[in-house]
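Below is one structure, written out as structure tokens; the observations come after it.
Only the coordinates and a few stated rules stand behind these numbers; no lab work does. All figures in this text were calculated on a predicted structure; none of them were measured in a lab. Note that each Cβ is placed from the backbone with ideal geometry, even for glycine, and that neighbours are counted across all protein chains shown.
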Amino acid sequence: MTEIKNAEQLLSRFRLRVAAAGLFVFVCFGLIGLRFLYLQVWHFSKYSLQANENRISVAPIVPNRGIITDRNGIILAKNYSAYTLEITPSKISGTLDEEIDNLAQVIPVDARDRRRFKKLLEDSKNFESLPIRTRLTDEEVARFTAQRFRFPGVEVRARLFRQYPLGPTAAHVIGYIGRISQRDQERIDNASDQNDADPEHYDPRLDANNYKGTDYVGKIGVEQSYETELHGLTGFEEVEVTAGGRPVRTMSRTQATPGNNLVLSLDIGLQQVAEQAFAGKKGALVAIEPSTGDVLAFVSAPSFDPNSFVDGIDQQTWDSLNNSPEHPLLNRPLHGTYPPGSTYKPFMALAALTLKKRTPGWGFQDPGYFTFGGHTFRNDVRSGQGWVDMNRAIVVSNDTYFYMLARDLGVNAMATFMKPWGFGQITGIDISGEARGILPSTEWKKKAYRKPEQQRWYEGETISLGIGQGYNSFTILQLAHATATLANDGVVMKPHLVRDIENPITKDMRATVRDPSDKIAVRQQDIDVIKRAMEGVVTNGTASKVFIGAPYLAAGKTGTAQVYSLQGANYKGHALAEHLRDHALFIAFAPAEQPKIALALIVENGGWGAESAGPIARKVLDYYLVDKLKPGAEAAAVAAAASATVDAGTPVIGGGQSPAEAALPASVANASPAFSPAAASRVVAVAQAASRVVAGGKAASAPRAASAAVAPATPAARPASAPAARAASAPAAASTATAPNRKRAPKGPGGASQPAIPRNDTVQTLAPTGGIDE
């Protein structure tokens, strides 16, 4: 039976379905429309920016680092661009060792490159790009480019490199650059936060974004302390790229601003002469221009080659430097503290005049010793040195005079007088890490020791301070600064290593320090008395033999500081191990009437000051006051430094400088090319500075009582026990024995004894001596 369908009912259902479908389609299009509004209207700015970021890549343009020259324009640090082969560990497919082995089949990778890479890897994050090879040749770049598809995560990049043309010369002053460590990054971020917190004094150079694309910062020396000046301002380049990251075109570019150039106060010719004078010896020398505070020479011997750190130093080389008993990485003028020995006596005498404890004419008949509290302090000449007044006490370096003077002044009066001269104070020189040293006083001892019996100051401890021993412990920089202030008649000039800062674009020069820091309240007539006595030292005193025939009149003072207690035995330097021999010191300024240079130096374990330190001072003064004025003298000194640095067997890649070119002033030398994408099309490399690295190591964390960096602690250097100190009314550390003459009087005609210049600048008592104050 055929069923008759209701047409009306079917039509109604159809219409309902069409309406439902239409509603569904409307809702769908409505949602699409809402999403469109959400993306294109309400969040247009956000997603437009993201789209542009996918389409436009912003790449930093690393600025040229400022160059460093000496006061005469000799280049000490500069840049060059070269290709590097870099690995990003997180992007490689296999193991790292396998990848390096495969790379070595295309581009030579030696054992040193591998060691250096592994050390960099330990100090870096996995996603950072690290160099496995530097200074690639054109042929090596082409060879890798042809097989680049085999090495994901490996690429060739054009980089700026730092070069130090004179190698070890002035290395502790110039410093070096190295890869940014985690500590460096934290310091950059903290400086950026502080910079942002002070909008009125905002400096774009301190912004953390200014270090985007930068892998290296200064680590020590002026490279570190003037990092903000040297780094410059990072530029940025907007490049349109495809979805795969391939560059299409450059949209815009903000050029990088190169870093400022530094003009050091150093005279590199003088620096080289001083360093050569220390050949084979350990020690320090600082020479200062008294009227300006310019540091003319700053020697720490032995030195090291900063070029070894530029590419990242390998572990073997680092260990040889760091563990060497010679400590070449130790900045001795800045970090090493030593007892000043008899070089302290001119300042003691000036204190006596200023505080009216002595007059120039006051004197006595020297018995050869001084007794205090049952303890005998000996002079070097046991039989005495006859009538001794202030002038003669300085000229012949009489100890007895200054033992008595120390007793009469007292420790606190000495400390108060010496403080303005910079002893035991931070000088404020413009490189970091300066040691304070020790200027002893009763207040100092209370802070330095914990036990009450050790905190007490015993009067016997004051006596040895008068001859620059006891707790006295100063840096050679402080001693040179005090000598320069004395030469400048008490006008204090802050010592500085950077003389001017030059804008590389406008060539404007900005001076660092020019005005006096202070004027010490001393009478000119008293200073004149001390100067005349110091002139006597070099004309007929302990340094007279050193300055025979000098065409200028100098003023100076010899000094010797004991390292090892004699304990009653005669001093025989040749019989002692080298590290137990006395330190030799010397201070001087010249010409005496109108000083142009003042200096202080120490030869560690060098023996008598006049024998070891004096000749070095003579060479330095001769060069600066006489030889430097001869035509070609400076160029010869610098050329000698360059020839001693550059390895003749090292092949020169590209346009490297010869030693002669390296010695040219910055104004005429070929400047390194600016680093830009265009520079990446060619390799401009230079011969690597010779691998002449003086073996050495880091400064030992020696206690305050260790004499110099290498002197072991001895029982005599420990704090005095209270009972022993009370018994002797002197420090237990002081040797109760006498020190006989260490130098026999020369024989005259017929064997008769001739009066000899006594070796009385050598200390006779041992109290705690200076060490490395970190």
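Points to keep in mind about this one:
- Modelled FRET efficiency - R0 41 Å, ARG150 with SER181, Cβ distances, 0.05 increments: 0.80
- For the pair ARG456 and LEU355, a Förster radius of 30 Å applied to the C-beta separation gives a FRET efficiency near 0.75, rounded to the nearest 0.05.
- Theoretical FRET efficiency, 1/(1+(r/R0)^6), r = Cβ-Cβ of GLU240 and LYS281, R0 56 Å, to 0.05: 0.35
- Label separation (LEU629 vs ASP515): 3.4 nm, computed from points 7 Å beyond Cα along the C-beta direction.
- Size descriptor for segment 375-448, Kirkwood hydrodynamic radius: 14.9 Å (Cα pairs only, one decimal).
- Over all other residues within a Cβ to Cβ distance under 13 Å of THR214, the charged ones net out to +1, with Lys and Arg as +1 and Asp and Glu as -1.
- Between MET251 and ALA111, full extension at 0.36 nm per residue minus the direct alpha carbon distance yields a gain of 46.1 nm.
- Counting neighbouring Cβ atoms within 10 Å and putting the fewest first, the residues LEU230, LEU121, LEU136 line up as LEU121, LEU136, LEU230.
- 4 °C / 1.567 mPa s Stokes-Einstein diffusion coefficient of segment 175-319, Kirkwood radius on C-alpha pairs, µm²/s: 69 µm²/s
- The distance between label points at ALA104 and ASP508 comes to 5.5 nm (points 7 Å beyond Cα on the Cα→Cβ vector).
- Proximal lysines relative to LYS628, as straight alpha-carbon distance under 21 Å, when same-chain residues fewer than 8 apart are discounted: LYS596, LYS619
- Sequence-separation-based contact order of segment 50-149, relative, with Cα cut under 8 Å and 6+ spacing, percent: 31 percent
- Taking only the Cα atoms of segment 89-152, the radius of gyration and Dmax are 11.7, 31 Å.
- Taking the fewest neighbouring Cβ atoms within 10 Å as the starting point, the ordered list for HIS335, HIS201 is HIS201, HIS335.
- Relative contact order [Cα under 8 Å, 6+ residues apart], segment 286-368, whole percent: 21 percent
- Residue exposure sequence - ASP389, ASP311 - by fewest surrounding Cβ within 10 Å: ASP389, ASP311
- Among GLY94, PHE149, THR137 the positive-end extreme of the charge dipole of segment 89-152 (Cβ point charges): THR137
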